[in-house]
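The next block holds one structure in the form of structure tokens; read it before the comments.
We did not get these values from a lab; they are worked out from the coordinates using the rules stated. Just so we're clear, the structure is a prediction, and the values are computed from it rather than from any experiment. Cβ coordinates were reconstructed from backbone atoms using ideal geometry, including for glycine residues, and neighbour counts include every protein chain displayed.
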Amino acid sequence: MPAGSVIALLLAGYLAFLALIGWLAERRPLLSARPRLRSAFYGLSLATLCSAWTYFGAVGETSTGSWLFLANALGPVIAVTLGYPVWRRIAVLSKQENVGSLADFLAARYGKSRLLGTLVTVVAALGALPYVALQVSILVQVWKALGGKTGPDEAAALGLVAVLCLFAILFGARRPSLTQHNRGFVTIIAAESVVKLVGLLGVAGLSLTLVLESGGAGALIAAIPPPLPALNGSFVTLTLLCTLTAFTLPRQFHLGFVTLERPADARAAIWIVPAYFLTWAAATLVIAAAIRSGLGHAGMAAHLQVMGIPLAHGPRWIALLALLGGFSSGAAMVIVETTAISAMVSNEIVLPLLSHYSSHYGAGRWPRWNAGQMILRVRRGTILLIGALAWAYFLATRELATPTQLGAMALAAFAQLMPALIGGIYWRRGHAHGAIAGICAGMAVWLLALAAPALLGSGTRLSAALLLWPRGETPLGDVAVIFSLLLNIGLYVAVSLRVRPRLVDTIQANSFVLSPRGAEGDGARRIAATMGDLHRLLAQFLGDGAARRALLERTTGPRPELWADERPAGPEAIRAAERALAGVIGASSARNMIAIALAEESQDAAEISQILDEAGHAVHFSRELLQTTLDTLPQGVSVIDPALRLIAWNARCLALLGVPLEQVHVGRPLDDLLAALPADRAVDPLRQRIIAEAGRFALRRPVDREVALADGRTLGLSGRPLGEEDYLVTIADITDLKQAEQILAQSNELLEARVTARTRELSEANAALGEAKQVAEQATGAQRRFVAAASHDLVQPLHAARLFIGNALVASRSDAALQGLLEKADMAVDGAHRMLRALLDLSQLETGVLRPRVEPVEAGALIASLAEEFAAQAAARGLALVALPTTRWVATDRDLLRSVLQNLLVNALRYTASGRVVLAVRRGAGGLVRFEVRDSGIGISPDKLADAFGEFSRLPEGRALADGAGLGLSIVSRIAQVLGHPLSVRSVPGQGSVFALSVPETAPVLVRRPAARIGPLDLGGLTVLCIDDEPDVLLGTRALIERWGGAVTALDRAEAVPGDGRWSVALADHHLGGEDGLSLLRRLGARAGLRLLVTASPDEGLAVRAAGEGIVVLAKPIAPLALQSLLEQAARDS
């Protein structure tokens, strides 16, 4: 075996090699600054997740049948691939806020909370102790195995910790700034990642050769442990922890986000990290297979076989290469981890305490020491302290906890920071109190269920159970981890929802959660200072050269001479200094430090207090959110506090008041500012008015004034209370408005004259409109009278016809063929009546006299009725009429719908020479039912479809085939419009047409159907009074009722009704020569048991009035079946 001195010399040479790489990267940055190479170094640096235990211990664990090593590989792969949107968002925000650590990031997000930053630092330190102790434990065992040492572990561990701490101080704490380009540091970590992967691949290559030589590929496959039994709950838990801690491990956050130069570099991690870790996993599996095949070094522990195999079977240089790889794994982890935690401790705990002390030192001045050196001392001391505590932790747990348990405990601690991190970048309601409560609760579970058992040993049953985790022998460790995270998340959400956020919380939340602005920002608070002041401030933290470079690199001035020490410091320079300082002491402290330090040479204590007061007001109103909005307003706007001190303003306000920008600042009294300005004749009236109204401003009373200026402008001064204490003052240029008022006043007389003339013209027009209205009303009245007369005179013959057909049906009961013909005749008469009724209704609908009577209509019954009505006509033309049955119901006016379908069927039969006509009902879209009439007729060309619906319009093709008036489709279109039913048509010349009417569907209703035929009826003893002025109607009614056995008194006028007669039924026509039927039935009263009023023009008002008096209204022509049913009921009642 190599002697210990040889190993020490090898490691010393390796450290010198790394130092040379870092020095070259810093001194010759052109190579490492290339975008592709820089991105590659960034991706390789993330491999610090592969620590010494991952390097050595994963092989040993896998050789025993465990697959937990795969969780260590899957976690970071998932984080940078599936979690890349989160990764990039954190990267952009880190550059935007210039944060120096995870604690700084969370503190800045949650209202710059010092308490949260301190808590995160403590959690990171607690989680780092077992992790660093784990590296020490493994490296000590490697040192003793290779060097042949048998002494106690304490000295070896202490020496190793000292070397690692020295290396961390040398490379991780060389400069105060953490966010400056630290290419040397990143390059060293990337080089170590390459060395450890090469070392592991060397051993894997040797192992693969040995296994294949001993038994071929079959032996290799047989030696790989079966995965299924090992992929248990512990595997899932560990994968979750590795995924979460890829974001929250201090070293990962430091390398992934703090040292990142440009957010675009992070994209390389998408392929570098998966390639690296999958290669590492494959190498680990091959080496474990060799161990399981008996090729390991006898007498060496399983986790040391990475070096045991080359020592037993191969060249010694492979063993030395494996040693360098393992040392690189542990050293890289310790260097970056301690560097990141030392930054947290210095920025979140030590420096705030010193800053608090310095604010009370003397007259509030920063003490005269080199701040940069002081920060470095704090960080270096922190590194040494962490190393010492890790050494003590190693001594306390080396006999109690296995390396796997130490690693899992550390990951569980760091995972407690993930809810606050994710909630901070995606949830604006997330609050510092919620983050603190969640982290504290999760860490409490961690301490009780995971850390305490490891430190106390297995003296208790719970400790013994937990110490078996994560080997898969108990689920208690998994439960503890999951429970701690769920408790953390629950408290984070619950407390955040209950806490009322401050304005600074809202501002910071918006800055992090809303779309990130990117790494560059602008706009800083103006402070009276020179470039020399900024340079001297930064030199205390960064050194003279670094301070000068920071100002030049972070600004965009065209010439270096603009940054001379005597020149005033503008907003861009102050922002550059603030960002550079944030990299040293954290974003939360940078602005306050700028404000305090720049007051050192030119302001006394009172002025320092004023600056801090200004800062408080600036935070209260959030310059970044408010100023942009104010500057877009056309009015001048300013906000003052109860003491009349300025809080916010816009450029328009300063321009209207004639105030130079350099004379205004937050906190300056408005009246004092205006009184101190030199006289300006143009704006003095406005200034004096504001000073005069200052008392009303202070009392928060509304103000509305107009101020005339010497240059002819007129300004409107307005004041209103704002919130609970502040006051809003607005100044608007109302010159154009005042000029408009003058123009309106001058033209008032002219307008009055015009109004008088127009009034006269309107009076004449109104008179003409009155005459036209009277003519229109007369025309409408004539149309109504015509409709009423037509309703009566046209329906009367149809009414008589149905009555005579009813008589014939009763008389021909013995002749079935004649019965069928009479029934069809009755249906034809009914169809003619319905079409006539629909036409008359359409006329009334268009004049507004009548509204559609929408009711549930059984589509199937309507289709069947139309099919029976048109069957003979279709047969006569040699056409097939197909009516498809349906069970659907629609909501519409029954008669108007029937009229539409009748017209469509008439057209289809008329213009179809051969083939068939189909009447069908289909389900349409949006709850509609489509009534379709399809034919195989002549069709209509697309350019003539619109003409087909015109009144008296007949196409040439149609004239050659059939006669007609050209009103059918016009009536169909008008009825569809009145009903609100969409009408569509598809037609192909020579092939036919499809007309479709879409009607709303409705639920079916229960219908009481009358008897299908007029059967024999015995109305013996029933006395009926019939009054109608139409002889045919009176004759038909009397004959029909007498055939049914009733006794009829038939009269042709109301005056002929006996004054003392009594009847079972009184049937009267509404339109009689003298007294109308309704009056007659009212006069009869109780002398008639059932009173029936028959009318050819029914309306809803008549039916309602009659029903209120017990009178039944029947529409002509009366269906004999309906009359039979009523008389039969009356006979039963009497």
Provide the FRET efficiency to the nearest 0.05 for the Arg700-Ala765 pair, computing r from the beta carbons and using R0 = 56 Å.
0.50
Expressed in nanometres to one decimal, the distance between label points 7 Å along Cα→Cβ at Ser1079 and Val854 is 3.8
How many nm is it between the label spots at Arg877 and Lys944, if each spot is 7 Å from the Cα in line with the beta carbon?
1.7
To the nearest 0.05, the calculated FRET efficiency linking Asp711 and Gln977 through their beta-carbon distance, R0 being 51 Å, is 0.20
Computed over segment 623-744, the relative contact order (Cα-Cα under 8 Å, seq sep at least six) in percent reads 24
Counting only DSSP loop positions in segment 701-746, the GluC sites (Glu not before Pro) whose Cβ has at most 12 other Cβ atoms within 10 Å are Glu724, Glu725
How big is segment 623-744 by Rg and Dmax over its Cα atoms, in Å?
14.1, 44
Quick one: order Phe995, Phe949, Phe483 by neighbouring beta-carbon count within 10 Å, fewest to most.
Phe483, Phe949, Phe995
State the dimensionless ratio Rg/Rh of segment 852-1002 (Rg: radius of gyration of Cα atoms; Rh: Kirkwood radius).
0.94
Per the Cauchy relation, a quarter of the hull surface: what is the mean projected area of the convex hull of the alpha carbons in segment 239-328, in nm²?
7.7
Length gain on complete extension for the stretch Leu385 to Ala162, per 0.36 nm per residue less the alpha carbon to alpha carbon distance?
79.2 nm
Rank Thr632, Leu644, Leu699 by how far each Cα sits towards the positive end of the charge dipole of segment 623-744 (+1 on Lys, Arg Cβ; -1 on Asp, Glu Cβ) and give me just the farthest.
Leu699
Can you tell me the length gained on complete extension of the stretch Leu278 to Leu447, counting 0.36 nm per residue apart and subtracting the Cα distance?
57.5 nm
Mind checking the dipole of segment 852-1002: about its Cα centre, +1 per Lys or Arg Cβ, -1 per Asp or Glu Cβ, Debye to the nearest 20?
240
FRET efficiency, Thr735 to Leu514 (Cβ-Cβ, R0 35 Å, nearest 0.05):
0.35
If each residue's Cβ is checked for other Cβ atoms within 10 Å, how do Arg1083, Arg652 rank with the fewest at the top?
Arg1083, Arg652
Work out the length of the dipole vector of segment 623-744 about its Cα centre, built from +1 on the beta-carbon of each Lys and Arg and -1 on the beta-carbon of each Asp and Glu, and round it to the nearest 20 debye.
180
Between Tyr426 and Arg1053, how many nm apart are label points set 7 Å from Cα along the C-beta direction?
9.4
Any chance you could run the full-extension gain for Ala861 through Leu208? It's 0.36 nm times the residue separation minus the Cα-Cα distance, nm to one decimal.
226.5 nm
